[in-house]
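The structure under discussion appears below in the form of structure tokens.
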Amino acid sequence: MKKIILAGVIASMSSATFAADLSQACTDYYAAVDKYVEQIASHDAMKGQVDMIKAQYDDSKKMIESMPKDSQDAACNAANDAMKQAEEMMKSMGH
């Protein structure tokens, strides 16, 4: 359940937007997302979600890459915050 929640956060925040030259906040965010996607890909229960998450991830990264750095920072900082909140919620649920 917690993985689905985090997947939803990534998917929703991924619809934010990205310039070929990513800001540090976005570089950090996408590194965290890459790690998360690797983790969920190894779980049979989440395999059906992985393709959807990857597609949304790729689309969002393209959008964010087209944004000015200050806009990138705002979008990726918000996404990072949402991911951290989802992770904390999952931890509190014992996952």
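The values are calculated or read from the model by the stated rules, or taken from the named source; none is laboratory data. Only a predicted model underlies this, so the values are computations on that prediction, with no experimental measurement involved. Positions of Cβ are generated from backbone atoms using ideal geometry, with glycine treated the same way; all protein chains shown enter the neighbour counts. These accessible areas exclude ligands, DNA and RNA; they are computed on the full protein's heavy atoms, side chains included. Shrake-Rupley method; radii C 1.70, N 1.55, O 1.52, S 1.80 Å.
Residues of the range 20-48 that are surrounded by 16 or more Cβ atoms within 10 Å (Cβ to Cβ) and in contact with a Phe, Trp or Tyr (Cβ under 9 Å, 6 or more places away or on another chain): L22, C26, Y30, V33, V37.
Under the condition of being in contact (Cβ under 8 Å) with a residue 24 or more places away in the chain, farther than 18 Å from D34 by Cα and exposed (fewer than 15 other Cβ atoms within 10 Å of the Cβ), the residues counted in the range 71-90 number 1. Of all the listed residues (D44, D21, D34), the sole one being at pLDDT 85 or above, out of contact with any His (no Cβ under 8 Å at 6 or more places or on another chain) and not β-branched (V, I, T) is D34. Taking the condition of being of a type in the set (A, V, I, L, M, F, W, C) and within 10 Å of L22 (Cα to Cα), how many residues in the range 50-75 meet it? Residues that pass the stated criteria total 2. Could you list all residues from the range 49-69 that are open to solvent by 70 Å² or more (accessible area, probe 1.4 Å) and without any contact (Cβ under 8 Å) to a residue 12 or more places away in the chain? If the condition is that a residue be open to solvent by 70 Å² or more (accessible area, probe 1.4 Å) and without any contact (Cβ under 8 Å) to a residue 12 or more places away in the chain, then D51, D58 are the ones that fit.
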